[in-house]
Amino acid sequence: MSAEPPPSARCEKAPLPSARPQWQALQQHFGRIGGKHLRELFADEPARGEQYVAEAAGLYLDYSKQRVTDETLSLLRQLAVACGLPARIEAMFRGERINVTEHRAALQAALRAPTGERILVDGKDVVPEVHAVLDRMAAFCDRVRSGAWTGHSGKRIRNVINIGIGGSDLGPVMAFEALRHYSRRDLVFRFVSNVDGTDFAEAVRDLDAAETLFVICSKTFTTQETLTNAHAARDWCLRALGEEQAVAKHFVAVSTNTAEVKKFGIATDNMFGFWDWVGGRYSMDSAIGLSTMLAIGPEHFRAMLAGFHAMDEHFRGAPLERNLPALLGLLAIWNSNFLGAPTVAVLPYEQYLKRFPAYLQQLTMESNGKHVTLDGARVDYSTGPIYWGEPGTNGQHSFYQLIHQGTQLIPCDFIGFCQPLNPLGEQHDLLMANLFAQGEALAFGKTAGEVRAEDTPAALVPHRSFEGNRPSNTILAEQLTPHALGALVALYEHSVFVQGVIWNIDSFDQWGVELGKALAKRAVAEITSPDTPELGHDSSTNALIRRYRRLRQPGT
Ligand code: G6Q
């Protein structure tokens, strides 16, 4: 990475993708095949289920139930090439400053590069630094897990509380839940993110401060929510343990901001660093994953990194035809921009992935919720769809109704594993039978003729018919292991990047988040000071603040 942005990362004026002939070719193609039902597509190509599949890093992707033909895929690849996808992939892996609005690289791939690989940032190989931090994390985790690291009063650490928000929370909490099966069951893990005091109060109410370790995660170490909760934790700890020196045994920090960490009172010995080229939502495999490593141990953590790396290698090297992240990304473009689907449902049939949809919401929507291109032009096509979801089978008894019979098209990503982590009678087979059945029902539906043939009263036929033609992907892996989780997260990270490249937006900045941070600072000064003479907002905000002040402090 050099001081000047290299040519391929510069904001060159590119045409809007929608003005490219490849985009228009896709529109015309949609005119020809858009009306085709998945039933017809499968009738035309009976072996679709074995042809429209790809496999890498232990993940199998079946995209045969997408409303595409070979021609669609070929046109999507042509669009990708016209938008410079292969060059942009290389630019990312080479550490170019592809995050143009912040003038930074997006080098998450360096976090999982094995020893010996060279990745240069400002002419310096960063891989040894990455491994030095990993080794320090491992040594620290071993000490906590073995009991060698004790609290201030000599008691063993039994509780770990991660304090962070956004990218410094969602990755750690998702990974902890996903890999709970591999975690130390004699340690309690909790995650505090919200500035709402309830989050902290509930997290510590039954804990002994003498046995509690706080991991304060903040890239900037200036985020209001995290610093507020960190101070609450410090007060709670010192109230119980009495002495200032206790902080050294009960607080560690993960940050890029050494000065602020010191100011808070955490010694640099207890700080684990990372770098500006790691975006918050791309940081769960950096030191931000310290709580994950404390839970599952260094060996499993390294296995997770190996899963990430396997997907990185695949993404960088595989041709677009069988490149999983490219396929997932291009299919998302097709569904969103040509079929007009405004959302994507992510449906893991795996209870341990219960926080995966929430994690993906940040990854996808913070990355691709943008309305201007890299060179600041307003887009005239929709970008980042809304991601949402719940683990199967719970969702089936709730919102699947709308997916099956509502008026909106909602493409689904089903995620399942062949080997259960908790075999219980036939329950895993039941779970997976549901996954397969849902994908099938969404694709093929149930015609009025089929419903009538079941002796259904005529008046009920329309209600009990299913149009089908709802597209879905199915992602299967052998078992939910740390390696599989790493591969899965990297698959989505890169798919988000592919979509951003096509839309020609900056998937690595987050000015909307920065706005929230600035607004909160201004608003808090006003609502906590009853003397502020004039409120300078609109009439609604002014009235709400006045009402809040009155009810917050009755009698004043
Ligand atoms: C992620 C975003 C954002 C960030 C949080 C926390 O990509 O930048 O979600 O992670 O705002 O920021 P800090 O880690 O700096 O506290």
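The values are calculated or read from the model by the stated rules, or taken from the named source; none is laboratory data. Worth saying up front: this structure is predicted, and the values here are computed from it rather than measured. Here Cβ is always computed from backbone atoms with ideal geometry, including for glycine, and neighbour counts include all displayed protein chains. Quick note on the areas: whole protein, heavy atoms, side chains included, nothing else; ligands and nucleic acids left out. Shrake-Rupley method; radii C 1.70, N 1.55, O 1.52, S 1.80 Å.
Tabulated results
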quantity	calculated
Relative packing of peptides 280-286, 357-363 - highest average C-beta neighbours within 10 Å first	280-286, 357-363
Carbon/sulfur fraction of accessible area - the chain, other protein chains in place, 1.4 Å, %	53 percent
Rounded accessible area per residue of the chain, 1.4 Å, Å²	42 Å²
Debye, to nearest 20: dipole size of the chain, +1 on Lys, Arg Cβ, -1 on Asp, Glu Cβ	980 debye
Stretchable slack from Q24 to V188, in nm (0.36 nm times residue separation minus alpha-carbon distance)	53.6 nm
The range 11-106: C-alpha gyration tensor shape, a/c 1.5 cut-off, then a/b vs b/c	oblate
Accessible area of V204 in the full protein assembly, 1.4 Å probe (Å², nearest 10)	10 Å²
Farthest positive-ward along the range 153-274 dipole, Cα basis, beta-carbon charges - from A232, T212, S183	S183
Rg in Å to one decimal, and Dmax rounded to a whole Å, for the range 305-356 via C-alpha atoms	13.9, 36
Overall dimensions of the chain by Cα: Rg and Dmax, Å	25.3, 78
Bins of 10 Å, starting at 0 and running to the largest distance - Cα pair percent for the range 218-334	12, 31, 28, 17, 9, 3, 0
Pairs beyond 20 Å (Cα-Cα), from K155/K263; K219/K517; K124/K263; K65/K354; K354/K517; K65/K446	K155/K263; K124/K263; K65/K354; K354/K517
Under the span-like rule (Cα at least 27 Å along the axis, Kyte-Doolittle mean at least 0.0), DSSP H helices of the chain	127-146, 290-317, 482-503
Cβ-placed point charges (K, R +1; D, E -1), dipole of the range 298-451 about Cα centre in debye, nearest 20	280 debye
Sparse-neighbourhood loop sites, GluC sites (Glu not before Pro) in the range 389-498 - DSSP loop, at most 10 other Cβ within 10 angstrom	E426, E454
Listed residue (S336, G116, G279) projecting farthest to the positive dipole end of the chain, Cβ model	G279
Value of relative contact order over the chain, rounded to a whole percent, pairs C-alpha under 8 Å and six or more apart	19 percent
For V261, solvent-accessible area (1.4 Å; no DNA, RNA or ligand), Å²	0 Å²
The range 64-150, dipole about Cα centre (Lys/Arg Cβ +1, Asp/Glu Cβ -1), debye to the nearest 20	240 debye
K155 accessible area, 1.4 Å probe, all protein chains in place, Å² to nearest 10	90 Å²
The range 453-525 - convex hull of alpha carbons, volume per residue in Å³	279 Å³
